[in-house]
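Beneath this line is the structure, given in structure tokens, with notes to follow.
The values are calculated or read from the model by the stated rules, or taken from the named source; none is laboratory data. Predicted model, so just to flag it, every value in this text is computed and none were measured. So basically every Cβ, Gly included, is an ideal-geometry build from the backbone, and we count neighbours across all protein chains shown.
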């Protein structure tokens, strides 16, 4: 019967099932982990918690709450805003190093995470998003993969992600036998064949519709590391700043001719495109309207909460005299 159905003799497949070498043997007790930070994972109701059992900071902490909404394709964990905790990004802490860009980061950071460094979610298309600037895993050569590449330069990286290594400039998962899997291979596996980092996504969150211990472990690792290492938080700021400056100069200015434009308008445009809630065409229409700022803030009626948060962030910094006094200088990619 087998031969009839499958058209003759079948060869045996001795290789790994695609992606299976990305799976970790997660010990939820943490007892088997000796040389790196060990995490005990536990679930109460729909909430996950973790304890770094062999670290000086060994207090139990909240990782995230489960969400399963098949109607909109959401499966994973997220953090309720009321339960956010830990260090926060403040522009004033970084103004001396990254200048006025710190305030643009604070605006979008407020909208994304209330500027908490350790916010994450695993439920949407990207499968994993992390940080105060909410960098997503799916984008090739952008966002979260840039952050992880830079993380590898930290002496504490191996304490949290011992199975990751840069090989020939790309992030790899190295298994216990020394076999390496390139997590930066670009695949056309996204919606409508969009290019994305499928293996990086699968390493962070193996199965989209199942909430598994591996995604919880990775979230716990990042949350704990962000709380306990200022240099890790500084790396988040460096990468977010590099992304913002690059896109302002190479993308947004070329689209909208921003030379001489107010920092407030630039901040609104950057926030719109960081979240991806409007097309270039719609932004151009907003910029041509009588009240450009309101048109940008309210550019998409499906994002009323985001609009309210953006309006609040802009108002607070304007009232404090931190924005509204500078314009974008394209030749130097600075605000003057």
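Restricting attention to region 310-331, report how many residues are outside any loop (DSSP other than H, G, I, E, B) and farther than 14 Å from residue 277 by Cα.
Total satisfying the criteria: 12.
For the list (1) at positive phi; (2) surrounded by fewer than 17 Cβ atoms within 10 Å (Cβ to Cβ), I need the number of the one condition that residue 134 fails.
The failed condition is (2).
Restricted to region 168-185, and to residues that are surrounded by fewer than 13 Cβ atoms within 10 Å (Cβ to Cβ) and modelled with pLDDT of 95 or more, which residue is farthest from residue 230 (Cα to Cα)?
Residue satisfying both the conditions and the ranking: 185.
So which residues in region 246-267 are touching a residue at least 40 places away in the same chain (Cβ under 8 Å) and loosely packed, with under 14 Cβ neighbours inside 10 Å?
The answer is 259, 260.
Suppose we filter region 152-166 for residues that are crowded, with 16+ Cβ neighbours inside 10 Å and farther than 22 Å from residue 26 by Cα; how many remain?
Going through region 152-166 one residue at a time, the tally reaches 1.
Name every residue in region 253-267 that is closer than 19 Å to residue 317 by Cβ and in a helix (DSSP H, G or I), in order of residue number.
Hits for region 253-267 are 263, 264, 265, 266, 267.
For region 268-307, enumerate the residues that are part of a loop (DSSP other than H, G, I, E, B) and either farther than 22 Å from residue 101 by Cα or in contact (Cβ under 8 Å) with a residue 60 or more places away in the chain (or both).
Correct list: 278, 279, 288, 289, 290, 291, 298, 299, 300, 301, 302, 303.
Does residue 327 satisfy the criteria of being loosely packed, with under 14 Cβ neighbours inside 10 Å and closer than 14 Å to residue 262 by Cβ?
no
Among the listed residues 96, 108, which satisfies the condition of being over 26 Å from residue 212 (Cβ atoms) and crowded, with 22+ Cβ neighbours inside 10 Å?
That would be 108, the only listed residue that is over 26 Å from residue 212 (Cβ atoms) and crowded, with 22+ Cβ neighbours inside 10 Å.
Checking the structure you have, find out if any residue of region 187-195 is assigned to a loop (DSSP other than H, G, I, E, B) and within 18 Å of the chain's Cα centre (by Cα).
So far as region 187-195 goes, yes, one or more of its residues are assigned to a loop (DSSP other than H, G, I, E, B) and within 18 Å of the chain's Cα centre (by Cα).
Can you tell me which residue among 284, 209 is surrounded by fewer than 18 Cβ atoms within 10 Å (Cβ to Cβ) and at pLDDT below 95?
Just one listed residue meets the conditions, 209.
Quick check on my filter: what residues within region 22-46 are crowded, with 16+ Cβ neighbours inside 10 Å, without any contact (Cβ under 8 Å) to a residue 40 or more places away in the chain and not in a loop (DSSP other than H, G, I, E, B)?
The one that is crowded, with 16+ Cβ neighbours inside 10 Å, without any contact (Cβ under 8 Å) to a residue 40 or more places away in the chain and not in a loop (DSSP other than H, G, I, E, B): 40.
With respect to residue 57, determine if the residue is at pLDDT below 95, more than 18 Å from residue 122 (Cα to Cα), in contact with a helix residue (DSSP H, G or I) (Cβ under 7 Å, 6 or more places away or on another chain) and exposed (fewer than 14 other Cβ atoms within 10 Å of the Cβ).
Spelling it out, it is not the case that residue 57 is at pLDDT below 95, more than 18 Å from residue 122 (Cα to Cα), in contact with a helix residue (DSSP H, G or I) (Cβ under 7 Å, 6 or more places away or on another chain) and exposed (fewer than 14 other Cβ atoms within 10 Å of the Cβ).
As an exercise: evaluate residue 21 against (1) modelled with pLDDT under 95; (2) over 22 Å from residue 172 (Cβ atoms) and give the number of the one condition it does not meet.
(2)
Which members of region 64-92 meet the condition of being within 19 Å of residue 128 (Cβ to Cβ), buried (at least 18 other Cβ atoms within 10 Å of the Cβ) and in contact with a helix residue (DSSP H, G or I) (Cβ under 9 Å, 6 or more places away or on another chain)?
64, 76, 77, 79
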